[in-house]
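**Q** Dropping the structure in here first, questions after.
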Amino acid sequence: MKRSPLSRWTTAQVEAGGWIRRMFAQGQQLRSDHGDDSVIDLSLGQPLDAPAVVREALMRAAAEDYPGRNAYMPNLGYPELRERAAEDVGVAGVTAACIAMTGGAAGAICLALRAFLDAGDEVVGVAPYFPEFPPYCETGGLTFVPVRADDASQRVDIDALVRALTDRTAALIINTPSNPSGHVIEHDEMSAIADVLQHHNRRTGRRILLVVDEAYRNLVYEPARRVEAFDHYEHTVLARSFSKDMGLAGERIGYLALHPSLTGEEIGRGLESCMRALGMVNASATVQRALLHLDSWQISVDGYRVLRDHARDAALAVNLDVAEPQGGIFLWIRSPWPDTLEYVAALARERVLVTPGIAFAVEERFRLCFTSTPDRLSRALATAGEVAARGR
Ligand SMILES: Cc1ncc(COP(=O)(O)O)c(C=O)c1O
């Protein structure tokens, strides 16, 4: 057989990590066979459309014309935008020097891992986890070490975390609100995580980096409240995205915010160098300018909240066991059949697409993205209930 020109690592990625891509391909096939309207694809984490005010800011930015408008620019972003981002973080001591504008939260996480960790280091992450975390680590020669969350509460299992830390642990990555579970890290939970890291640091003489993936930072639904990781642990970085709340996923914009204790001239130069080494160079200039044109970055997330309520209530109405979606854009549902893959396949035969939990390293659940219409969500969840009732 002819050997693929792809590297062994890439080939393994394609074979192992393809659940979301497979669901995407299946959706495309079903749509082309049966027409768009007959398929309800809730497998991908698409944001709602960008609000009008954001689209107008993009158009204004694209129309701007002055010398150097399209030239190379500072690797970490426009200085005035970094100041705005520091205000967005909203923590005393966080200034423009703490900010790097990046290609989304993905770029921010990769930048942090490249800037602060060395090949051979271990990165602990909490399952269910965003499937890109392992490849982000592996491309930097880092080993991703998963640790299961407590299934009933979706909180970090502190005892399991303690057991996962080793002398080679250099970072812990947490995601709040979580994709896929919708869990928002609580105050006592963050405090317990910080205690574990501090204790480990004292014992090993290392300083574990806490990477907080806040891709869904503004999508927190009351009574849940966002907890400020910077208040709990100094050696922390935040990865923020504008993909979801502003609907700018395709534009690739976000930022990395460093705790003030991590900043300095040398660190700034290091981040610049990593932006280039990672091939990002800088986040798109036009979308950076668009953010500057927005009077406020507090975009209403009422549209998301309404869909969250609708989807959760429709799931509960058909007796599905759903983790409380405190934030984000997903329902994390226990499979009503013993074999989640079989259940997900049965739903696909009814033309409802969701993502099996195995994609997030947890087999007994599946993920459903609720950024659809209320009508489609009702139909999808009614189907999910009917298929569940057939039993297996
Ligand atoms: C948990 C999580 N982290 C990071 C990302 C990457 O986000 P971005 O589009 O900002 O790179 C996503 C995107 O879906 C996500 O769900």
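**Q** Return yes when Met275 is at pLDDT 95 or above, crowded, with 18+ Cβ neighbours inside 10 Å, farther than 18 Å from Ala215 by Cβ and within 16 Å of the ligand (Cβ to nearest atom) and no when it is not.
**A** So Met275 fits the description; yes.
**Q** Take the residues in the range 99-126 that are in a strand (DSSP E or B) and under 18 Å from the mean Cα position of the chain (by Cα), then tell me which one is farthest from the ligand (Cβ to nearest atom).
**A** Val124
**Q** Find the residue count for the range 155-183, including only residues that are touching a His at 6+ places or on another chain (Cβ under 8 Å) and crowded, with 23+ Cβ neighbours inside 10 Å.
**A** Total meeting the criteria: 2.
**Q** Separate question: Does Tyr129 satisfy the criteria of being over 22 Å from Ser284 (Cβ atoms), out of contact with any strand residue (DSSP E or B) (no Cβ under 6 Å at 6 or more places or on another chain) and within 14 Å of the ligand (Cβ to nearest atom)?
**A** Here the answer is yes, as Tyr129 does meet what is asked.
**Q** For the range 158-178, which residues satisfy the criterion of being within 16 Å of the ligand (Cβ to nearest atom), in a loop (DSSP other than H, G, I, E, B) and either farther than 12 Å from Val126 by Cα or in contact with a helix residue (DSSP H, G or I) (Cβ under 8 Å, 6 or more places away or on another chain) (or both)?
**A** The one that is within 16 Å of the ligand (Cβ to nearest atom), in a loop (DSSP other than H, G, I, E, B) and either farther than 12 Å from Val126 by Cα or in contact with a helix residue (DSSP H, G or I) (Cβ under 8 Å, 6 or more places away or on another chain) (or both): Pro177.
**Q** Return the residue satisfying two criteria in turn: it lies in the range 193-217 and is outside any loop (DSSP other than H, G, I, E, B) and within 16 Å of the ligand (Cβ to nearest atom), and of such residues it is nearest to Trp297 (Cα to Cα).
**A** Glu214
**Q** Cβ contacts < 8 Å: first residue at negative phi, restricted to the range 326-345; second residue of a type in the set (Phe, Trp, Tyr) and assigned to a helix (DSSP H, G or I), any location; separation 6+ or different chain. Result?
**A** That search, which allows pairs on different chains as well, returns Ile329/Tyr304; Ser335/Tyr343; Pro336/Tyr343; Trp337/Tyr343.
**Q** Within the range 1-83, which helices (runs of 4 or more DSSP H) (wholly inside it) include 1 or more residues that are closer than 20 Å to Ser372 by Cβ?
**A** 19-34
**Q** Could you count how many residues in the range 218-252 are within 11 Å of the ligand (Cβ to nearest atom) and without any contact (Cβ under 8 Å) to a residue 40 or more places away in the chain?
**A** Of the residues in the range 218-252, 1 are within 11 Å of the ligand (Cβ to nearest atom) and without any contact (Cβ under 8 Å) to a residue 40 or more places away in the chain.
The values are calculated or read from the model by the stated rules, or taken from the named source; none is laboratory data. This is a predicted model, so every value here is computed, not measured. FYI the Cβ positions are ideal-geometry reconstructions off the backbone, even for glycines, and counts take in every protein chain you see.
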